[in-house]
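Read-outs: derived from the displayed coordinates by stated rules, not from any lab. As the structure is a prediction and not an experimental result, all values here were calculated from the model. Don't worry about glycine lacking a Cβ; one is built from the backbone with ideal geometry, like all the others, and counts go over all protein chains shown.
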Amino acid sequence: MTAELRVVGDAPAEAGALLAEAARVGGVLALSGGHTAGAAYQAAAALEPDWSAVDVWFGDDRAVPPDDERSNYRLVRETLLDAITPRSVWRIEGELGAEEAAARYDGFVDDVPIAFAFNGIGSDAHTASLFPNAPSLRERERRVVAVEGQLEPFVPRVTMTIPVFARVDLLVYLVTGADKAEAVARAFGGEPSEDAPASLVRGRRTIVVLDDAAAAQLGQ
């Protein structure tokens, strides 16, 4: 499963530039959480102030209220949405509980064309909330499902499924740090495997933005 790898000095800035470019074009952008993602969102907001043609969606979130510090929505609001005004924001209603929130979001997503998705990966090579060897990796009917959290914080989550990401026009991964190097090698340097969910998740076009530390084990 092919992906374009970009190893750069300032990975959040590079990913932020790709996000800003997508905002200029407009359409549905599916975002995620993570501190590194937050830096990219801040860069994107600085590069492109006009998000009036953008509909913001979420690739995944935790089943928590929107003001909870563990919420992906809260991170995106604080690092991006407070600085720009998109056409619409479609958050995952985590306060309803994972199952109900997933069912509602599944109904909203339907066949919405996603122009751009922004993902990270965990040290276990998960992406969005698609965890190693989980049943969600084999879901082909539902667009959004509830899953159990397998990493801190251990709270239920809601995530888009592999077929949804496969229809995304451009999927951008942002990964930094030596602690992700092994996961990067498994996700982007080896054969696709349920042991490394990010190896299974590709858009129609996929760009992986890495710093030197995260890319250190590629090709080994």
Subject >> Candidates per trypsin sites (Lys or Arg not before Pro) in the range 114-220, loop by DSSP, up to 10 other Cβ within 10 Å >> reply: 140
Subject >> Amide hydrogen neighbours beyond the local backbone of residue 114, cut-off 5 Å, H modeled >> reply: 169
Subject >> In sequence order, calculated HN-Hα J values of the range 139-146 (Karplus, 6.51, -1.76, 1.60; Hz; x Gly/Pro) >> reply: 6, 10, 9, 7, 8, 9, 9, 8
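How high is the FRET efficiency from residue 123 to residue 4, r the C-beta distance, R0 30 Å, rounded to 0.05? All intermediate terms of the calculation are to be shown ahead of the outcome.
Details: r = 23 Å, r/R0 = 0.76.
Efficiency, from the Cβ-Cβ distance: 0.85.
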**OP:** Evaluate the distance, in nm, between pseudo-label points positioned 7 Å from the Cα of residue 104 and of residue 82 along their respective Cα→Cβ axes.
**Re:** 2.4
Original post:
Which GluC sites (Glu not before Pro) in the range 129-162 pass both tests, a DSSP loop state and at most 12 other beta-carbon atoms within 10 Å?
Top reply: 141
**OP:** Name the long-range amide H neighbours of residue 214: under 5 Å, sequence gap of 5 or more, or other chain; modelled H, no Pro or chain starts.
**Re:** 177
Subject >> Span-like helix ranges in the chain, DSSP H, alpha carbon extent 18 angstrom or more, Kyte mean at least 0.0 >> reply: 11-25, 35-47
Subject >> Counted charge near residue 181, where neighbours are those whose Cβ lies closer than 14 Å (Asp, Glu -1; Lys, Arg +1) >> reply: -3
Original post:
How big is the Cα convex hull of the range 83-205 in projection, averaged over all directions, in nm²?
Top reply: 8.3
Subject >> Estimated distance in nm for a label pair at residue 155 and residue 69, the labels positioned 7 Å out from Cα along Cα-to-Cβ >> reply: 1.1
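Under the rule a/c < 1.5 gives rounded, and otherwise a/b versus b/c splits prolate from oblate, where does the range 17-58 land using the Cα gyration tensor?
Values: a/c = 2.28, a/b = 1.27, b/c = 1.80.
Taking the square roots of the gyration eigenvalues as a ≥ b ≥ c, the range 17-58 is oblate.
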Original post:
Can you list residues whose amide H is under 5 Å from residue 7's amide H, if they're 5+ apart or on another chain and H is modeled 1.01 Å from N?
Top reply: 210
Original post:
Assuming a viscosity of 0.692 mPa s and a temperature of 37 °C, what translational diffusion coefficient in µm² per second does Stokes-Einstein assign to the range 164-217, Rh being the Kirkwood radius over Cα pairs?
Top reply: 290
Original post:
Using θ = phi - 60° and the Karplus form 6.51 cos²θ - 1.76 cosθ + 1.60, what ³J(HN,Hα) does each residue of the range 191-196 get, whole Hz, x for Gly and Pro?
Top reply: 7, x, 7, 5, 5, 10
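Rounded to two decimal places and with Rh computed the Kirkwood way over Cα pairs, what is Rg over Rh for the chain?
Ratio value, two decimals: 0.93.
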**OP:** Work the Kirkwood hydrodynamic radius out for the range 126-195: mean of 1/r over every pair of different alpha-carbon atoms, inverted, in Å.
**Re:** 13.3
Original post:
Can you give the charge dipole size of the chain about its Cα centre, rounded to the nearest 20 debye, using +1 on the beta carbon of Lys and Arg and -1 on the beta carbon of Asp and Glu?
Top reply: 480
